1. What residue, of 305, 316, 343, is in contact with a Lys or Arg (Cβ under 6 Å, 6 or more places away or on another chain) and either over 24 Å from residue 244 (Cβ atoms) or not assigned by TED's automatic domain parsing to the domain that holds residue 165 (or both)?
2. Restricting attention to strands (runs of 3 or more DSSP E) lying wholly within segment 287-386, give those where 3 or more residues are modelled with pLDDT of 90 or more and β-branched (Val, Ile, Thr).
3. Tell me whether segment 204-214 contains one or more residues that are more than 23 Å from the chain's Cα centre (by Cα), part of a helix (DSSP H, G or I) and either within 29 Å of residue 345 (Cα to Cα) or of a type outside the set (A, V, I, L, M) (or both).
4. Mind listing just one residue for me: the one in segment 46-81 that is more than 16 Å from residue 20 (Cα to Cα) and of a type in the set (D, E, K, R) and, of those, surrounded by the most Cβ atoms within 10 Å (Cβ to Cβ)?
5. Out of the residues in segment 213-235 that are surrounded by fewer than 17 Cβ atoms within 10 Å (Cβ to Cβ) and hydrophobic (A, V, I, L, M, F, W, C), which is farthest from residue 290 (Cα to Cα)?
6. Kindly indicate whether residue 29 is out of contact with any Leu (no Cβ under 6 Å at 6 or more places or on another chain), among the charged types (D, E, K, R) and either outside any helix (DSSP H, G or I) or over 20 Å from residue 103 (Cβ atoms) (or both).
7. When you go through (1) within 22 Å of the chain's Cα centre (by Cα); (2) closer than 15 Å to residue 375 by Cβ one by one for residue 269, which number turns out not to apply?
8. Among the residues of segment 293-316, what is the count of those that are hydrophobic (A, V, I, L, M, F, W, C) and touching an Asp or Glu at 6+ places or on another chain (Cβ under 9 Å)?
Amino acid sequence: MPAAPPKFDLVVVLSQLKANRDAIPWHERRDLARGLAEAIATAPPVDTVLGLLEILTADPKPEVRQAVANLLPLLADGLFARIAAALEEDSNAFVRRAVQRALDRRRRGQQEATRKRRNIAEVQGDFAMMERLHGRPAALRARQMCERFAEVLIGTAVHNMRGVLTPMKISAAALVRQIDDGHLDGRSIKDALGRVSGQVQFLERLLEEMRAYSQPIAAQRRRERLVEIVAEGRHAAVEYLRGSGRNPSPVDVAMSVPENITVDMARHQIVVAITNILKNAHEAFAMEDGSFRPGQIGVEAHLAGEEVRLVIRDNGAGLAAEDLRELREFVPGRTSKKSYGTGFGLPIARRYVQAHGGSLEIDSEVGSGTTVVITLPLEQDEMEKP
């Protein structure tokens, strides 16, 4: 039988509720429903759990029924349909909303699973076509290259995560020792919890940027004014830095983007690309304590035939030749910014720009600063669209 929540013997509780629903106070029935999550997640529900779900689904207290509704994403299809149908028309609005949220989560999960299966099938189809066109050795070589890149990507991500988890474990162990020794110091506890909180936030950023890198490229394109896109990216970069508890105001950003330049694009993705580059440009002025020294970032755009060139230049610390060489490989997760950078920002920017038929180039020199040049076609040809 799946592990029961600590407070309840599920067999005894089921017998009590069958005999008299009010044998257990309603708040304990609510806690029982919440505790079933562990049993359901551990193994398929057995008869005891199924019996409790049936009884709790018909409980007179809406708080109990809401707790059952929150379990819906954990249930197998048949049981999910039965419990959801019983609660979908519930008289209580909170219960109905909980059911709707569960339905939405399940739908998103199914869509994600379908997308993953479709993507895998497309990759397998690409290898099969390559084998037909170029022969089995070429197809096998291409597969090995993809697998090698995946190994590098996963290995880098694991390395970064361990770099976050290790200091978290050290901070947590220090707190446990203080508690065990009975020497509780408010300031040191606050400092340790602050470090853990910062490390959790970094891990969240890393996972979010990994997710962004893996997302499919948007196919829809609209005509957008470049000056608005750049302004939105600048605002997002500044707000991101402020959100991390830092003040970017010592860094001056000068923009020179003509009002009349318009580009076919998926707006969000180009905004993200510009935001990531501007965040990196600000980091060129970051000091060890997280503050920023004064500096200048210039953003300018000009037309070059059927393309627009967007140049983002800073006069910050710049990069050594070896660091620049590694950066130009655009391997996700590789970073020298241990405190704030995830190493995904620039690869994401390049991926989004290339998906628009453009290019992203970077040049840098120690003591002179860094220059990033984005080139985008003004119009998207059908062949360039994803």
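The values are calculated or read from the model by the stated rules, or taken from the named source; none is laboratory data. This one's a predicted model, so the numbers in the text were calculated from it and none came from an experiment. We place every Cβ from the backbone using ideal geometry, glycine too, and count neighbours over all the protein chains shown.
1. 343
2. Passing ranges, in order: 307-314, 369-377.
3. no
4. 65
5. 219
6. Judged against the criteria, residue 29 is a match.
7. Tallying (1) within 22 Å of the chain's Cα centre (by Cα); (2) closer than 15 Å to residue 375 by Cβ, residue 269 fails exactly one: (2).
8. Selection size over segment 293-316: 4.
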